Amino acid sequence: MLTRCISTGTTVWSTIRRALAIVALWVVPAVAAERIEALEPHMGTMFRIVLYADDPGRAHEAIRAAFDRVATLDSELSDYISDSELNRICVDAVGRDVAVSDDLFTVLSASQALAVRSDGAFDVTQGPVIRLWRAARQSHQLPGAEEIAAALKLTGYGKLHLGAHTVRLDMTGMRLDLGAIAKGYAADEGLRVLRERGFPQALVAASGDLAFGEAPPGKAGWDIGVEPVHAAGEGFAKVLQLHNAAASTSGDTEQFAEIDGVRYSHIVNPKTGTGLTMRVGVTVIAGKGIDSDGLSTAASVICGQSGVAAALVLIEKAGARGIVVVEEGGQWKKYESPVR
Ligand code: ADP
Ligand code: MG
């Protein structure tokens, strides 16, 4: 009896204590999360991190770690850094299987899968052709037909073989270029680091490739303006609210060569070895940046090869959403995947 009384008394007291604790939680004002923003140059562009935190000191450490992760990825995936892992395998992996880092394997696996799904419109073995058009942007001279033919002989995603964490290339002189997919993956990875360090309400933007975590405090998502710059002022501006998603835009607004009155994009058509001349801008919204980045470039190529409808099919089959702005008969038109 005594035991029961004591035990009942304890239960009542702990219930009161719990009730007080709950009341305390209600009355103690929540510490307002501060918006913190940081910029740093990586991968030939400006990376931007925005996050909400109630501990700015720890937030700055997390931002440092996220940028460091992006720098590591650059040293693995860049075709500009001469001793990057990517450039080293272009020499070491000719005719033999070479073990590669998890990052390189992840990005090459996603690239090869997209190459198959896009029937070669997306092709990371286009390095030799891409280099010709990079030089054309500097010299304002078109590459010669023989030069393009010689470069094309060194390309083709079927000449790149992935094994169990290994890479093999068929020919000397092949060059891999991850410019259409690495930034999206880097945005994903930057966001992952921020989440792991306790900052899920964050975004990582690598110019046109953005990865979004949880929504900012009190909001349903991050507002992003999808203004097809091609058709700026044409009334196509659109604001989306995204969280736990990624968005990428590809187009010829920033990098192109204008030669003899024709505008050649930095995106090449692997079937012809030429820069795209069709004026098109593609935004893709997907779960991950590695997918939105690759798909937006692949869809740009397909718009030129087979038309907008085929490009949207590729995007939607991948479970993503596309917004395509294209010049048709001197007029800008917008095509969009249905919102599900
Ligand atoms: P941005 O680099 O402006 O974000 P993209 O994501 O579309 O734009 O990537 C363009 C880059 O992709 C080019 O600069 C080149 O390095 C590479 N690239 C060009 N054409 C192709 C292609 N058909 N398949 C894969 N990568 C490509
Ligand atoms: Mg891309």
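Points worth noting:
- Fully extending the segment from LEU39 to VAL116 would add 24.1 nm, taking 0.36 nm per residue of separation and subtracting the current Cα-Cα distance.
- Accessible surface area normalised per residue over the stretch 193-337 is 40 Å², counting heavy atoms of protein chains with a 1.4 Å rolling probe.
- Accessible surface of the chain [probe 1.4 Å, protein heavy atoms]: carbon and sulfur percent: 56
- Student exercise, the stretch 102-236 dipole from Lys, Arg, Asp, Glu Cβ charges, in Debye to nearest 20: 280
- Legend: residue pairs LYS238/LYS288; LYS238/LYS271; LYS153/LYS334; LYS219/LYS333; LYS153/LYS333; LYS159/LYS333, Cα-Cα distance threshold 27 Å; pairs beyond threshold, LYS238/LYS271; LYS153/LYS334; LYS219/LYS333; LYS153/LYS333; LYS159/LYS333.
- Expressed as a whole percent, the proportion of Cα-Cα pairs in the stretch 295-340 lying more than 17 Å apart is 25%.
- Residues MET43, MET174 ordered from highest to lowest accessible area at a 1.4 Å probe: MET43, MET174.
- Solvent-accessible area per residue, Å², over the stretch 78-186 with all protein chains present [probe radius 1.4 Å]: 44
- As computed over the stretch 36-147, the Cα convex hull volume per residue (Å³): 164
- For the stretch 190-340, the C-alpha radius of gyration divided by 2.2 N^0.38 Å, with N the number of residues, is 1.08.
- Most fluctuating residue given options ASP123, ASP293, ASP83, as computed from a GNM of the chain linking Cα atoms under 10 Å: ASP83
- Listed residue (ALA150, GLY184, VAL98) projecting farthest to the positive dipole end of the stretch 93-196, Cβ model: ALA150
- Accessible area (Å², 1.4 Å probe, nearest 10) - THR106: 60
- Distance in nm between pseudo-label sites at ARG137 and HIS165 (7 Å out along the Cβ direction from Cα): 3.5
- Spatial separation of Cα centroids for the stretch 83-104 and the stretch 112-139, in angstrom: 18
- For the chain, the Kirkwood estimate of the hydrodynamic radius, built from every pair of different alpha carbons, is 22.0 Å.
The values are calculated or read from the model by the stated rules, or taken from the named source; none is laboratory data. These numbers come from a predicted model, not from an experiment. Cβ sites come from the backbone with ideal geometry, for glycine too, and all protein chains shown count toward neighbours. Each accessible area value is taken on the protein alone, full model and side chains, heavy atoms only, with ligands, DNA and RNA left out. Shrake-Rupley method; radii C 1.70, N 1.55, O 1.52, S 1.80 Å.
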